[in-house]
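A.B. asks: My questions all concern the structure below.
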Amino acid sequence: MIRAGTMAGEVAQALSRAPAFSGVLGTAFGLSVARQACLLGMPLLTMHVFDGVIEGGNLDTLAVLAVCFFVALVMAGVMRAVRAMLMAALAESLARRLTVEALEAAVRSALAGSRRPGLAALQDTAELRRFLGGGTIADLFDMTATPIGLLVLWMMHPVYAVIALAACVTIAALGVVLDHTTRGMMRSASDRQVKTSAELQGRLRQADMLEGLGMLGAVVRRWEPAQAASLAEGDRAQARARAVRGITEYSSYIAQGTMVVAGVILATHHQVSPGSVIAASMLANSATAPIARVVLSWRDWAMAALAWRRMQELLADHAAPDALPPAADGHPGLWVRDLTWTPPEGARPVLDGTTVYCPPGTITLVLGPNGSGKSTLLRLALGLMQPDSGTAELEGQDTRQVARDVIGPRIGYLPQDVQLLDGSVLQNIGRFGPEEAEAVVAAARMAGAHDMIGRLPQGYATEAGPTAGLSMGQKRMIGLARALYGAPSLLVLDEPEAGLDREGRQAALAAVLAARAAGAACLVVSHDPGLWHGQVDQLLRLGPRGSWQTEAPDKPAARGA
Ligand SMILES: Nc1ncnc2c1ncn2[C@@H]1O[C@H](COP(=O)(O)OP(=O)(O)O)[C@@H](O)[C@H]1O
Ligand SMILES: [Mg+2]
């Protein structure tokens, strides 16, 4: 409960940064207090009925009291409903904001090589939404009933207050015990669960290979113990929570029973009125019930706290970088300066001070053996990775410090491992932006993909996602069209001709020549220098251990498409 309390504080702090949120929370709290006041009326009225009406036989008073009773109940109900609506709206709007931030951070975290899937960030947002929108925070607000109830009990007779206080302390102590003994378990079970399910998802994506090589059994056997351990840990935590829950419920009953016994003893000694016995029992219940509810909803608190912590870590580690304005003396085109990068556990640099300038309207061909850092250079140039040192500037703007939605349309990128997203060919080429069929067809024509797309079962409307069954070559051609879409000023292609037939390779070459003619700076990785022979403006050769050199091509580049 203690750490859950800290987390509630953090949530409240985060919410209070947005004035609308703190307003809503404040209103919900005010409604909770008002509702408690209405409910408090009930035991007091009961006492009057017993002590005044029964003894005096005044049924008119009873009628008035009954009406008051009814009105207070209805008001309490209405306040509860309004409060629930407010909290649901709050949860909705917070979740909407968090989802976008979390997804953006999840993408950046995946780029930085994190194994934690972006999906987990979404699950965490859903968890927080459920928590805020459910009754858990309201239960916390309802705890205002506890001091009020204790005070009224004290005024009726100190013994009543002491019994109720003992019950409250017992239940709260149980909550703390529950928190301490199970939180570690819950946390490691939930972390393990996220990890094992991500692992399985990753392996199942290789279904062809698993089935073809008969590896499924072996993979499942390796995965199963981790999964079983994570589930068993979760079960242990739950069992412990169930035990504490049982004890908590009984504590409430015991408090009420004790209250009646003590009340009757006090009443026989004429210390209190008989009506107060019933009122005290009701008050004891309303003082302990909110604490019990908060303890019983402990799992929600724990889960929400974990989700909140993970989300905060994700957002803190992968916040969007501040966008810098273009440098005043920035060159047009792409300037890669002194890029050095060593893999996290590597001893030798993959790139060591690589420097190359790609002016607009030129082609720079990057050559080098496998593993020499060609793909890494492209990713660094696009600002997708953090270099150890050095910078990459597009039109004078550091590619690490830009708003991606602003720079993205100016970039055409074809990764080595081309992937298309769920959606039609049209949507994939058009980068899922507003539909501009003409621009999509123009990009497809330029990439030499238009005829191939025309032969697909449903042309541009054909489904293109990972399970759609397009061949690697078809995907690459569509990926090239996607790179060319919107006439980007920087074209970065990682082995665009790989896996293509002769016609496809010529089309890829023609596409790059056309982009150059249109003024794009082109940076192309290839294993086929013959295809590009005589067509490029500059060569960048990467060698082992980060060695590199730029060269003029053998023949002057043939300009124009
Ligand atoms: N995210 C990464 N983590 C660790 N090592 C990496 C990472 N990305 C690339 N490398 C290493 O950097 C080297 C260059 O990789 P890459 O740029 O893909 O080569 P290529 O020239 O074949 O495109 C390889 O040895 C590879 O293992
Ligand atoms: Mg590569």
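The values are calculated or read from the model by the stated rules, or taken from the named source; none is laboratory data. The structure displayed is predicted, hence computed values, not measured ones. So basically every Cβ, Gly included, is an ideal-geometry build from the backbone, and we count neighbours across all protein chains shown.
Quick grid of which residues meet (1) away from ligand 1 (no atom under 15 Å from the Cβ); (2) in a helix (DSSP H, G or I):
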position: Ser372; (1), (2): no, no
position: Ser375; (1), (2): no, yes
position: Leu380; (1), (2): no, yes
position: Met385; (1), (2): no, no
position: Gly390; (1), (2): yes, no
position: Glu393; (1), (2): yes, no
position: Val402; (1), (2): yes, no
position: Val406; (1), (2): yes, yes
position: Pro409; (1), (2): yes, yes
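A.B. asks: Shifting gears a bit: Among the numbered criteria (1) within 16 Å of ligand 2 (Cβ to nearest atom); (2) among the aromatic types (Phe, Trp, Tyr); (3) free of Cβ contacts under 8 Å to residues at least 12 places away in the same chain, which single criterion is violated by Tyr413?
C.D. replies: Of (1) within 16 Å of ligand 2 (Cβ to nearest atom); (2) among the aromatic types (Phe, Trp, Tyr); (3) free of Cβ contacts under 8 Å to residues at least 12 places away in the same chain, only one is false for Tyr413: (3).
A.B. asks: Of the residues that sit in the range 414-457 and are assigned to a loop (DSSP other than H, G, I, E, B) and of a type in the set (Gly, Ala, Ser), which one is nearest to ligand 1 (Cβ to nearest atom)?
C.D. replies: Among them, the one singled out is Ala447.
A.B. asks: Looking at this structure, is Ile291 in contact (Cβ under 8 Å) with a residue 24 or more places away in the chain, surrounded by fewer than 17 Cβ atoms within 10 Å (Cβ to Cβ) and more than 16 Å from Met156 (Cβ to Cβ)?
C.D. replies: no
A.B. asks: Still on this structure, I have one more. Six or more apart or on different chains, Cβ under 8 Å: which pairs go from a residue in the range 44-66 that's assigned to a helix (DSSP H, G or I) to one that's of a type in the set (Phe, Trp, Tyr)? Could you list them?
C.D. replies: Leu45/Phe69
A.B. asks: Further, regarding this structure: Within the range 360-381, restricting attention to residues that are crowded, with 22+ Cβ neighbours inside 10 Å and hydrophobic (A, V, I, L, M, F, W, C), which residue is farthest from ligand 2 (Cβ to nearest atom)?
C.D. replies: Checking each candidate, the answer is Ile363.
Okay, residues lined up against (1) among the hydrophobic types (A, V, I, L, M, F, W, C); (2) modelled with pLDDT of 85 or more:
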position	(1), (2)
Val71	yes, yes
Val74	yes, yes
Val82	yes, yes
Ala88	yes, yes
Ala102	yes, no
Ser109	no, no
Ser114	no, no
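A.B. asks: Right, another one. Taking the options Val107, Val100, name whichever one is part of a helix (DSSP H, G or I), under 27 Å from the mean Cα position of the chain (by Cα), under 30 Å from Pro343 (Cβ atoms) and of a type in the set (Val, Ile, Thr).
C.D. replies: Selected residue: Val107, the only one of Val107, Val100 that is part of a helix (DSSP H, G or I), under 27 Å from the mean Cα position of the chain (by Cα), under 30 Å from Pro343 (Cβ atoms) and of a type in the set (Val, Ile, Thr).
A.B. asks: Does any residue in the range 483-511 that is farther than 19 Å from Leu420 by Cβ come within less than 6 Å, Cβ to Cβ, of a residue that is away from ligand 1 (no atom under 16 Å from the Cβ) and outside any loop (DSSP other than H, G, I, E, B) six or more places away or on a different chain, and which pairs are these?
C.D. replies: Final answer for the pair search is Ser489/Arg410; Leu490/Leu334; Leu490/Leu394; Leu490/Ile411; Leu490/Ala521; Arg505/Leu531; Leu509/Leu531.
A.B. asks: May I ask you to verify whether Asp300 is in a strand (DSSP E or B), of a type in the set (Asp, Glu) and away from ligand 2 (no atom under 16 Å from the Cβ)? I'd like the intermediate steps shown before the answer.
C.D. replies: Details: in a strand (DSSP E or B): no; of a type in the set (Asp, Glu): yes; away from ligand 2 (no atom under 16 Å from the Cβ): yes.
When the stated conditions are applied, Asp300 does not pass them.
A.B. asks: Any chance the range 514-536 includes a residue that's among the polar types (S, T, N, Q), within 16 Å of ligand 1 (Cβ to nearest atom), within 19 Å of Val356 (Cα to Cα) and at pLDDT 90 or above?
C.D. replies: Yes, the conditions are met somewhere in the range 514-536.
A.B. asks: Turning to a different aspect of this structure: Hey, which of the helices (runs of 4 or more DSSP H) in the range 458-542, taking only ones fully inside, have at least 3 residues that are among the acidic types (Asp, Glu) and surrounded by fewer than 23 Cβ atoms within 10 Å (Cβ to Cβ)?
C.D. replies: Once the helices (runs of 4 or more DSSP H) in the range 458-542 are filtered for at least 3 residues that are among the acidic types (Asp, Glu) and surrounded by fewer than 23 Cβ atoms within 10 Å (Cβ to Cβ), nothing remains.
A.B. asks: On to the next question. Would you point out which residue out of Ala89, Ala95 is assigned by TED's automatic domain parsing to the domain that holds Gln271 and surrounded by fewer than 16 Cβ atoms within 10 Å (Cβ to Cβ)?
C.D. replies: Sole residue among the options that is assigned by TED's automatic domain parsing to the domain that holds Gln271 and surrounded by fewer than 16 Cβ atoms within 10 Å (Cβ to Cβ): Ala89.
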